Structure formats: structure tokens, C-alpha cells
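Reading through the C-alpha cells given below for one structure.
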Amino acid sequence: MKLAPIVESLLDTDLYKFNMDQVIFHKHTDLEGEYYFKCRNKNVVFTPEMLEEIDAQIDHLCRLRFRKNELDYLRSIRFIKNDYVEFLRLWHPIREYVETGLNEDGELSVVVRGPLFSAMQFEIYLLEIVNEVYFRMKYDYDALLSSAKERLDRKIADFQSGKYTFKFAEFGCRRRLSRDWEDEVVRRLATETDCCVGTSNVYLAMKYNLSPIGTYAHEFVQMYQGIDSIPLAFTNHHAMQDWYNEYKGDNGTALTDTITTDLFLLDFDRSMVNNYTGVRHDSGDPYEWGEKMIRHYQKYDVDPRTKLLLFSDSLDFDRAQALHDYFKDKTKVSFGIGTFCSNDTEEDALNIVIKLQYVNGRPVAKLSDTPGKAMCRDESYLDYLQRSVEFRLQREANRK
């Protein structure tokens, strides 16, 4: 391993990984999952030396265990349960679950296969490793760091001057320039502005006494597509029901766009509207989505000003401020901002993902509200899922 360890704590991941995993631990330990890496940028080339370093970093990751103080911290989070923390005392990443490779064009392959409760934990760690290896070995890291610091200085000055007034959480784990840089970003945003309300990074939340922020991701809804007894167009219902049964209304921000927001709203009925504190936007036009959610709350005679709209789709501070100004008198509003905080340099950031693609051998997919963001290795299944969604939407429309 030529570089210093990139992941040094198993808490160095997004909170929602623990949130989702706790539900799986209590309800769905029989599920097997397969995750696949994808780089959405064009003409990105990984070298054999990069692959060698990535493999060495994964080897190091799989030697880590949770420390006592880390387990105690998880136990202190009000909705994380003691039996799950005791499970994590025994759990660790298993190297045999991860396969990596490189084709002749320099395209990186990463596949994770294993029990879902274990396979799902790899995503953030692996993205942290791949991203930092790439930027340290491809570029002059000191030059990147210098440009990142200049940009962070300007951002903080704009908060201090009053140009930016919105509240947000740092969501930058997965595409950060480096572990050390995300640490500095979170520390400075939290201490030099009063607008950073927390971070998704559990380790940094513990280190800096910040609120750990996060609920669930698309993969949580996707996994129900792999359960034979659940119709595809009703997976949001089962996901939200399991989530509510686990957390009893705590930890309650629902993600709307896994298989389109229009379908989500069919299952976001009066009970769910009351049980969830808000909803998260991650694709499609944010203004149209926000207005749609406000109308939905009003449909059930709920004051939208009592509910949270959390925006998290590829935001920068200017876009966040504009959304804040538009919605601030209509509803509660907050933001999760990732790459713009943790990897804003003179070079373009990588748009890399690791997505759940199979559950119990069955393909699963995300549709989202933005054409082109769908990722599925089985085109016939993706078509079937889309038709299932359209069929239910049309059936419900005909009933009105």
C-alpha cells in the first residue's frame, strides 16, 4: 500500500447505512445482494497501479473492527438499538465479498456480493477509497488541495457576509477529495458558520459533536423488488411500513423518487404523511417537486409549514439559496450538500456510484424522476418495472 490508509474507522461512512442495516438486521436477514460500481464520467481511465492501490486499501478496510468508543457512540443515537450495536461488535467487512478488475480501456470494475446486511455496508467505504486513490495518483494532490482551500475560504466568507442564509448538512463522504480534506471541510463549516447543522459522516459527527444526518437511500426501497411476495409497484408501501415499524416515526424523512415520486405519492397516504417528518428530493425539477409535495400535504389538511423538504440533488450553494428563498415561507426546508463541499477543486469531480443491482438473484432498479439516472443491468427487467409503475398509476387515475 503506497498511500496512507484511506479508511481508518468503520464509522467513516454515511449514517443511513446503519439506519437501513438495522431494519435489514431485524426483518430481512435472508436477503442476498449484489452491488456494481459505475463511473458516469466519460473518458476516465484507471491504471493498473491505481487498481493495485485500491485492492491494498480494501485489504486494509477488511482488517478494521469497531472500537468500543465507536460502538458507544452508535448506542447514544436515540434510534439505534442495542441489539444491533451488539451485532456490529461482531461484524466486520469480509474481503471475499468484493471483486475488482480493470479492462483494457482502463474501465474499473467493482462488484460486491454477499448477505445484504453485510454487502450494503461496503458502498461508502469503497467509493471513498476509489475516489481518493484516483485523485492522489492522477493529479498533483497538493495543487488540488490548494484550489479546494481557496474555494472553501470564499464559501465561508459568503456565509459570514450574509450572502448565504440557508441551513444544510454536509453529505460529502462518497466523492470527497480525501479523508483529511473532508475532515477539514466539516470542522471549518461547523465552527466558522452557523449554517452547517450536521454531517452524514458518522465519524466526523462523533469527532466534532455534530448531529449525524440521514435516513434511507434508494437501495432500501429497491431491495423490496427482490422479495417474491411484494408486487413491484407497491415496494414503497412496504419499505415505508417497515421503516415506521422500526423507528415509530423517529428518523422519518422519506425518499420519494426510487420508482418515481408520482408512484410514491399513492402510498404516502394520511397515515404516512403524519408518521414522517418530511421528504427528500434527489432527482427531477426541485421546484416542481416541492410544489407537488406541498399540494399533497394540503390534500390531507396538513400544514406544509410543519413538514420538511430536504433537497439533496447535486446542489451548490447558489442553487440551495435560491430554493431556500423560494420555499422558506411555505415549508421547512433544508439541504444535503455533498461533492460541492468535499471535492470542489480545479479539476472536475468524479460522478461515481455503487448501486444495488440484484436481490436474491433477481434484478432490481431505480427509476428516479430524471431520465437517464436509471441504472439496471437487465434492460428487460427495467422495462417490466416501468410498465408496472405505469399500470398502477393509470389504474389509480381511472378510479378518480
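Which Cα, out of Tyr224, Asn236, Thr199, lies furthest along the positive dipole direction of region 166-285 (beta carbon charges, K/R +1, D/E -1)?
Of the options given, the answer is Thr199.
For each pair in Lys81/Lys373; Lys330/Lys400; Lys307/Lys373; Lys38/Lys163; Lys27/Lys68; Lys299/Lys328, compute the distance between the two Cα atoms and list the pairs where it is over 30 Å.
On the way: Lys81/Lys373 34 Å; Lys330/Lys400 28 Å; Lys307/Lys373 27 Å; Lys38/Lys163 36 Å; Lys27/Lys68 26 Å; Lys299/Lys328 20 Å.
Lys81/Lys373; Lys38/Lys163, as the Cα separations exceed 30 Å there.
Counting helices only, and only those DSSP H runs with n ≥ 4, report the 222 nm mean residue ellipticity of the chain as the sum of -39,500 (n - 2.57) divided by its residues, in deg cm²/dmol to the nearest 500. Write down the numbers at each step before the final one.
Working: 17 runs with 189 residues, N = 400.
Computed mean residue ellipticity for the chain: -14500 deg cm²/dmol.
Gain in length, Asp318 to Glu99, computed as 0.36 nm per residue apart minus the alpha-carbon separation, to one decimal in nm? The partial results should precede the final answer.
Details: separation 219, 0.36 × 219 = 78.84 nm, distance 3.96 nm.
Working it through step by step, the gained length comes to 74.9 nm.
Go ahead and set up a Gaussian network model of the chain, Cα springs under 10 Å, then flag whichever of Arg280, Arg113, Arg95 fluctuates most.
The residue with the greatest mean-square fluctuation here is Arg95.
Residues of region 89-103 with amide nitrogen under 16 Å from the 7 Å Cα-to-Cβ point of Arg75?
89-91
List every residue whose amide H lies under 5 Å from the amide H of Ala254, counting only residues 5 or more places away in sequence or on a different chain, with H placed 1.01 Å from N in the peptide plane.
Placed amide hydrogens put Gly278, Val279, Arg280 under 5 Å from Ala254.
Students often check this: by mean Cβ neighbours within 10 Å, which of 350-363, 148-161, 200-213 ranks highest, and how do the rest follow?
Numbers: 350-363: 18.7, 148-161: 15.2, 200-213: 21.1.
Ranking, from highest mean packing down: 200-213, 350-363, 148-161.
Grab the Cα-Cα distance for Arg187 and Lys27, subtract it from 0.36 nm times how many residues apart they are, and report the gain in nm with one decimal. Mind dumping the intermediate values first?
Working: separation 160, 0.36 × 160 = 57.60 nm, distance 3.66 nm.
Taking Arg187 through Lys27 to full extension adds about 53.9 nm, to one decimal.
Using a basic spin-label model with each label point 7 Å from the Cα along Cα→Cβ, how many nm lie between Lys328 and Phe87?
Spacing of the two 7 Å Cα→Cβ label points: 4.2 nm.
List residues of region 26-53, by number, whose backbone nitrogen lies under 18 Å from a label position 7 Å along Cα→C-beta of Glu347.
39-53
Kindly identify region 347-400 as rounded, prolate or oblate by the Cα gyration tensor criterion: order the square roots of the eigenvalues as a ≥ b ≥ c, call it rounded if a/c is under 1.5, otherwise compare a/b with b/c, prolate if a/b is larger, else oblate.
Numbers: a/c = 3.38, a/b = 1.66, b/c = 2.04.
Oblate.
Take every DSSP beta bridge whose two residues both sit in the chain, then give the antiparallel share in percent to the nearest 5. Please list the in-between numbers first.
Numbers: 21 of 40 bridges.
Approximately 50 percent, going by the DSSP bridge assignments.
Please report the relative contact order for region 172-240, taking Cα pairs under 8 Å with a sequence separation of at least 6, and give it as a percent rounded to a whole number.
Values: 52 pairs, mean separation 12.5, N = 69.
Value for region 172-240: 18 percent.
Compute and list, largest first, the equivalent-ellipsoid semi-axes of the chain from the alpha carbon gyration tensor, each √(5λ) rounded to a whole angstrom.
Working: eigenvalues 191, 141, 91 Å².
Taking √(5λ) for each Cα gyration eigenvalue gives 31, 27, 21 Å.
Each value in this text was obtained by applying a stated rule to the coordinates, not by laboratory testing. Everything numeric here is computed off the predicted structure, so don't read it as measured data. As a convention, Cβ positions derive from the backbone with ideal geometry for all residues, glycine included, and neighbour counts pool all protein chains shown.
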